[in-house]
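Step one of this worksheet: look at the structure below.
The values are calculated or read from the model by the stated rules, or taken from the named source; none is laboratory data. Quantities reported herein were computed from a predicted structural model and do not represent experimental measurements. Glycine gets a Cβ as well: all are built from the backbone with ideal geometry, and neighbour counts include every protein chain shown.
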Amino acid sequence: MPGRFLFCFTLFMYQYGVSDSYRAVILMHGILSSQTSLNNIEQYIKQAHPGTETLNVNAFNDLDSLQPMWTQVTQISGVMKKFMDAHPQGVHMICYSQGGLICRGVLESLSSHNVHNFISLSSPQGGMYGVPNMVKPFVPNISSKYIYRVFYTPRGQNVSIANYWYDPYHLDLFKQPSLKVFLAQLNNQAPNPQGNAFKNNFLKIKNLIMIGGPDDGVITPWQSSHFGSFDEKGKIKEMEEQEYFVKDSFGLKTLANRGALQKYIIPGVKHTHWPHNQNVFKTYMEKWLD
């Protein structure tokens, strides 16, 4: 009889995910790359926490990553939701580069998500105002000063980077209701009928961990990885100075007030090296993957 009870109890624990195992982890790649770019991080996770289940998203790889952000978020959200539903104890996210904005889109738009810790790895959460060399072949050959003329149009918004282009000199266009710029909607800086839901959904996470550094070389400005941006004078406006932080438009200030924001500034790491740097993982990510 005791043996039968122990068997049933063990079966119950396994079925409902009640165990001492680590939470599962979702990994989301960046622009012009694929899930293989995060294979090293996936390996680091399994070495540090044996038995951890992972979802390394295999969608919108390479050139497909240039598709509109909402197109990507909608499809990827379905993939992630199935994984979340299979892990009712909750999951963590590690989302790299553009993938950090895709994950934020999922978090804000998916009311049933069960994400505990969201690690944003060198992601332009504050937007981009500079075209990386790897993206230049796919956008007009004009300077950042004038590219708004293309990006802030219905046609321009068909390219992912235009969806989070943050031109401090033309924020009126960025916030234009008819344009429905992806980042403006996530920030609740443009009219959004789901604005309250976006905020409530985002606030379901336990912690937001932001990782970036001055030697990144792609995220522009690099402070965008911590919700910084250029202002109209070309100087850096830090997260705490942003309109959406001051107004707590999507919950960032609330997270800060409850001690749920962690910012890491790490020098000496280039953008393409973040997912492969084991020291970055061991020092700044591993402890958040309980």
How many residues does the stretch 75-100 hold that are out of contact with any strand residue (DSSP E or B) (no Cβ under 8 Å at 6 or more places or on another chain) and under 24 Å from THR272 (Cα atoms)?
1
Among (1) in a helix (DSSP H, G or I); (2) out of contact with any Gly (no Cβ under 6 Å at 6 or more places or on another chain), which single condition is SER33 missing?
(1)
Of (1) outside any strand (DSSP E or B); (2) aromatic (Phe, Trp, Tyr); (3) crowded, with 19+ Cβ neighbours inside 10 Å, PHE83 satisfies all except one. Which?
(3)
Residue by residue through the stretch 236-290, note down the ones that are out of contact with any strand residue (DSSP E or B) (no Cβ under 9 Å at 6 or more places or on another chain), over 24 Å from GLU108 (Cβ atoms) and among the hydroxyl-bearing types (Ser, Thr, Tyr).
THR272
Looking only at the stretch 149-173, count every residue that is under 25 Å from ASP64 (Cβ atoms) and not small (Gly, Ala, Ser) and tell me the total.
14
Filtering the stretch 146-176 for residues that are of a type in the set (A, V, I, L, M) and under 20 Å from VAL73 (Cβ atoms) leaves a count of 3
Within the stretch 227-254, work out how many residues are surrounded by 21 or more Cβ atoms within 10 Å (Cβ to Cβ) and in contact with a helix residue (DSSP H, G or I) (Cβ under 8 Å, 6 or more places away or on another chain).
7
The stretch 33-71, residues that are surrounded by fewer than 21 Cβ atoms within 10 Å (Cβ to Cβ), among the aliphatic types (A, V, I, L, M) and within 30 Å of GLN185 (Cβ to Cβ)
ALA59, LEU63, LEU66
Counting only residues in the stretch 31-57 that are in contact with a Pro (Cβ under 8 Å, 6 or more places away or on another chain) and either modelled with pLDDT under 95 or not aliphatic (A, V, I, L, M) (or both), the one farthest from GLY100 (Cα to Cα) is identified as ASN40
Considering each residue of the stretch 264-290, count those that are part of a helix (DSSP H, G or I) and touching a Gly at 6+ places or on another chain (Cβ under 7 Å), and give that number.
1
Test of understanding: among GLU243, GLU232, which residue is touching a Pro at 6+ places or on another chain (Cβ under 7 Å) and of a type in the set (Asp, Glu)?
GLU232
Out of (1) out of contact with any Cys (no Cβ under 9 Å at 6 or more places or on another chain); (2) among the aliphatic types (A, V, I, L, M); (3) outside any loop (DSSP other than H, G, I, E, B), the odd one out for ILE119 is which?
(1)
